[in-house]
Amino acid sequence: MTASTIPIVPAIPTDPQPPSRQRRREAPKGRRVDPLRREELRALLGDGELRRDRLIEYLHAINDRYGQLGMPHLAALAERLRLSQTEVFEVASFYHHFDVVREDAQGQLPAPPQLTVRVCDGVACELAGARELLARLPGLLGREVRVIPAPCVGRCETAPVAVVHQHPVRHATPESVQAAVARNLRTHEPEPYTDLAAYQAAGGYGLLRECTSGQRRAEAVIATLEASSLRGLGGAGFPAGRKWRSVLAQPAPRLMAVNLDEGEPGTFKDRWFLERDPHRFLEGMLVAAWAVQAQAIYIYLRDEYHGCRALLQRELAALAATPPAPGLPPIELRRGAGAYICGEESAMIESIEGKRGMPRLRPPVVAQVGLFGRPTLQHNFETLYWVRDIVERGADWWAGHGRHGRHGLRSYSVSGRVCEPGVKLAPAGITLRELVDEYCGGMAPGHELKAYLPGGASGGILPARLADLPLDFDTLQPHGCFIGSAAIVVLSQQDSIVEVARNLMRFFEHESCGQCTPCRNGTAKASLLMKEPVWNRALLAELGQVMRDASICGLGQAAPNPVDCLVRYFPDEIPGEVRS
């Protein structure tokens, strides 16, 4: 039957439908896009195609320009990216450094604060007087300046620290912060450092040229790293050479991600090295990318390091203008937005992809399925910083350092009650007592060693009687602690271990991503229990065990460590006890 012979069936008459109580929608569901905000977004971001994975970069651009993220701008951005408004909102509201605001009853957005001062309330800054700053600054600075507490800003050696917009005020006092506000100090420029020209004049990028020209083979470089026993210096301690080999074994294309989201309270070593010798890190990064044949590199830098971002942007531009070797992969610098959880490798990858920084379930591991679903070599900054020295000087040079049966060098971030805090490059396996006496000028006047954090907030708390333990991977676990990123916070007889533990638990509660119930509810409940005048030790222990057993990532698994160490080593300081 042809189309012309298809019989036409008359429509069957039907009874008229009763009028619907639901009005027919005249426009797509959701907030309508304001044409003015659409035009403002076009002027800010340009007319080109926007990339989904750069969502957080676009949010930064809006937040920097307008001092906040108004819902009308978020709606316009969702339209440009062809995303739901919910998806854009959930990313914007996840990160601490984004100020998401709604209109009032009259449809007006609130005016953003003229200036924001963030006062670090991390453990080192609290020891140095952060509470006094938070109490006095609002009255000194007036209503036009917003004063808020902030998690560790990575400058513990100069505690207490306040950040005026993007300008860190070291050893802050109410008067020095007031002066910085009055002088409108809003940004931070890095101190003099070794730039590209100076680095190359001293032989820099020679190793990279040897690799890309065929003078060195990837197998030999990986074998050198394996022989040196270099382990990941971001905290996990996975052997670097083995990681390179496992990524190389995966099918191409492969990618590389660098973790510069140094958010562990007490840690500042990566910033310290980056501010002085950035190209040593960049060369190590490019050698690693060459070895695993990575097609692109993503550097994830925490938002608190504004001066480092300006430095890296400058030096990456110089590298692109005059590449030291042919065929370098493209490098993208991504800006974090204030989320400690993004120091976890899979959460960092989610953030680079423009999503909320929530850890992934594993397996598969990042080396198999990482950025954009591709095999990914993920490394901490400092691990890459040492690649050039190890390959050029040989595995024995690195392994030859160490004390007490340990091998290699460690960069210890030391803060707290010592005469000379700072980054201390010392043999792996050095003890806390040796580190303080030989590298830190001893204890500060009037202070006697009482306890110390060997691995930042996550690593637990050890008493002075265990100050002769080697500080390295695998040496502290029998004592309920770990070295992590080697963030050492030294405590004295003037410090309350209970208050330190409370500070750490508040940090974990604030920084939990909220994805899993044991961590989200467990840290909040533990923090409440620790505020009580009498502690329920049995309930805290049960809560801690649930968090360790059932949390998705290391944040929830490590959050009970301060409480466990307090119970184990300082039971006399616990505020009473009720028995279940």
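The values are calculated or read from the model by the stated rules, or taken from the named source; none is laboratory data. Note that the coordinates shown come from a computational prediction; the quantities given were computed from them, not determined experimentally. Note: ideal-geometry Cβ built from the backbone for every residue, glycine included; neighbour counts use all protein chains shown. Accessible surface is based on the protein model in full, side chains and every heavy atom, while ligands, DNA and RNA are left aside. Shrake-Rupley method; radii C 1.70, N 1.55, O 1.52, S 1.80 Å.
Quick check on segment 318-331: of everything there that is at pLDDT 95 or above and open to solvent by 40 Å² or more (accessible area, probe 1.4 Å), which residue is farthest from C211 (Cα to Cα)?
So, considering only residues that are at pLDDT 95 or above and open to solvent by 40 Å² or more (accessible area, probe 1.4 Å), the one farthest from C211 (Cα to Cα) is A321.
Can you tell me how many residues within segment 30-48 are of a type in the set (G, A, S) and in a helix (DSSP H, G or I)?
Count: 1.
Could you please give the count of residues in segment 342-366 that are within 25 Å of A486 (Cβ to Cβ), open to solvent by less than 20 Å² (accessible area, probe 1.4 Å) and over 14 Å from the mean Cα position of the chain (by Cα)?
1
Out of all the residues in segment 171-206, which are in a loop (DSSP other than H, G, I, E, B), open to solvent by 40 Å² or more (accessible area, probe 1.4 Å) and either within 26 Å of C156 (Cβ to Cβ) or among the basic types (K, R) (or both)?
Residues satisfying the conditions are H171, T173, R183, L185, R186, T187, E189, E191, P192, Y193, T194.
Can you tell me how many residues in segment 176-196 are in contact (Cβ under 8 Å) with a residue 12 or more places away in the chain and over 28 Å from the mean Cα position of the chain (by Cα)?
1
Would you confirm whether or not segment 434-447 contains a residue that is over 18 Å from T158 (Cβ atoms), touching a residue at least 12 places away in the same chain (Cβ under 8 Å) and in contact with a Pro (Cβ under 7 Å, 6 or more places away or on another chain)?
No, segment 434-447 contains no residue that is over 18 Å from T158 (Cβ atoms), touching a residue at least 12 places away in the same chain (Cβ under 8 Å) and in contact with a Pro (Cβ under 7 Å, 6 or more places away or on another chain).
In the set G484, G556, which member is of a type in the set (G, A, S), under 20 Å from the mean Cα position of the chain (by Cα) and not in a helix (DSSP H, G or I)?
Only one candidate passes the filter, namely G484.
I want to confirm something. Restricting to segment 237-284 and keeping residues that are without any contact (Cβ under 8 Å) to a residue 24 or more places away in the chain and either hydroxyl-bearing (S, T, Y) or not in a helix (DSSP H, G or I) (or both), which single residue is least open to solvent (accessible area, probe 1.4 Å)?
Only one residue fits best here, namely P239.
Would you mind telling me which numbered condition in (1) open to solvent by 20 Å² or more (accessible area, probe 1.4 Å); (2) closer than 30 Å to H401 by Cβ; (3) polar (S, T, N, Q) S485 fails?
S485 satisfies every listed condition except (1).
Only one of (1) among the hydrophobic types (A, V, I, L, M, F, W, C); (2) under 20 Å from M348 (Cβ atoms); (3) surrounded by fewer than 20 Cβ atoms within 10 Å (Cβ to Cβ) fails for A92. Which number is that?
(3)
Exactly one condition in (1) open to solvent by 10 Å² or more (accessible area, probe 1.4 Å); (2) among the small types (G, A, S); (3) at pLDDT 95 or above is false for A105; which is it?
The number of the failed condition is (3).
Which ones in segment 108-139 are among the hydrophobic types (A, V, I, L, M, F, W, C), over 22 Å from S496 (Cβ atoms) and modelled with pLDDT of 95 or more?
Those that are among the hydrophobic types (A, V, I, L, M, F, W, C), over 22 Å from S496 (Cβ atoms) and modelled with pLDDT of 95 or more: V117, L137.
Over 30 Å from E392 (Cα atoms), touching a residue at least 40 places away in the same chain (Cβ under 8 Å) and under 30 Å from the mean Cα position of the chain (by Cα): is that true of A159 in this structure?
Criteria met by A159.
Just for segment 108-125: of the residues that are in contact (Cβ under 8 Å) with a residue 60 or more places away in the chain and crowded, with 19+ Cβ neighbours inside 10 Å, which one is farthest from F507 (Cα to Cα)?
Checked segment 108-125; the qualifying residue farthest from F507 (Cα to Cα) is V117.
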